[in-house]
Amino acid sequence: MAGFFNFEKPGPGVRKDEPKPKGLKKFFGPYFTYFWRISLCGIWYWLISIPVLTAGLASAGMTNVTRNISVGGYSFFSSDFFETIKKNWKQSLLVGIINTIITALLIFDIGYFYVLSKASNSMLFCLVGIAVLFAVFSMVKFYVWNIVITFKLKTKDIYFNAFRF
């Protein structure tokens with residue numbers, strides 16, 4: 001029994017030349033390792049986002065946690081989530097409100113021009129243009145949150161850099 005609890009005996013350890021996982025194993029490894037913690041952050045995300053205007057705060061916190069996981073670093077989920085919200089609350093709130101308003105306007109415009117395009121073929125070009133703007137803005141929103149939590153920039157510079165990405 002003494003040999004079982006002997007912590008002085010060196011074990012095999014971790015090899016220095018051990019290959020790093022690639023492909024799907026690299027993606028699903030952290031996913032399954034941190035599944036319950038990510039799920040808890042998702043619950044916090046939805047609870048904070050219940051009032052639609054605070055969705056920006058939750059997005060900033062969730063972006064920080066998921067970014068830390070994806071780069072292979074460790075994340076203290078609850079403290080990192082709420083610390084990011086506390087540190088970036090003004091800009092996150094503003095960006096969240098801007099995203100909500102622009103998304104709502106573009107969705108309304110798509111519906112409006114869809115109805116008009118049935119009566120006139122020239123409105124079909126407007127519908128396609130608005131749909132392209134909606135697609136581009138949807139892609140821009142993915143980069144906005146990483147820029148908000150990483151850099152201290154003005155809001156117009158955040159959107160400009162996110163569009164350039």
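Observations, loosely collected:
- Residues considered: Ser117, Ser122. Of these, the only one that is more than 20 Å from the chain's Cα centre (by Cα), loosely packed, with under 15 Cβ neighbours inside 10 Å and without any contact (Cβ under 8 Å) to a residue 24 or more places away in the chain is Ser122.
- Tallying residues that are open to solvent by 50 Å² or more (accessible area, probe 1.4 Å), closer than 22 Å to Phe76 by Cβ and in contact (Cβ under 8 Å) with a residue 12 or more places away in the chain within the stretch 47-65 yields 0.
- Residue among Val144, Val95 that is in contact with a helix residue (DSSP H, G or I) (Cβ under 7 Å, 6 or more places away or on another chain), without any contact (Cβ under 8 Å) to a residue 60 or more places away in the chain, surrounded by 12 or more Cβ atoms within 10 Å (Cβ to Cβ) and within 28 Å of Ser39 (Cα to Cα): Val144
- Of the residues making up the stretch 35-57, those that are under 14 Å from Ser92 (Cα atoms) and in contact with a Gly (Cβ under 8 Å, 6 or more places away or on another chain) number 7.
- Ile85 falls short of the stated requirement of being surrounded by 14 or more Cβ atoms within 10 Å (Cβ to Cβ), modelled with pLDDT under 90 and within 15 Å of the chain's Cα centre (by Cα).
- Filter result for Asp80 (within 30 Å of Gly29 (Cα to Cα), acidic (Asp, Glu) and out of contact with any strand residue (DSSP E or B) (no Cβ under 9 Å at 6 or more places or on another chain)): yes
- Per-region count, the stretch 67-80, residues of a type in the set (Ser, Thr, Tyr) and open to solvent by 60 Å² or more (accessible area, probe 1.4 Å): 2
- Flag if Arg37 is within 16 Å of the chain's Cα centre (by Cα), at pLDDT 85 or above and open to solvent by 90 Å² or more (accessible area, probe 1.4 Å): yes
- Taken together, the residues in the stretch 66-82 that are assigned to a helix (DSSP H, G or I) and either free of Cβ contacts under 8 Å to residues at least 12 places away in the same chain or aromatic (Phe, Trp, Tyr) (or both) amount to 4.
The values are calculated or read from the model by the stated rules, or taken from the named source; none is laboratory data. Since this is a predicted model, take the numbers as computed values, not measurements. So basically every Cβ, Gly included, is an ideal-geometry build from the backbone, and we count neighbours across all protein chains shown. Ligands, DNA and RNA are stripped out before the accessible areas are found, and what is left, the full protein with its side chains, is counted by its heavy atoms. Shrake-Rupley method; radii C 1.70, N 1.55, O 1.52, S 1.80 Å.
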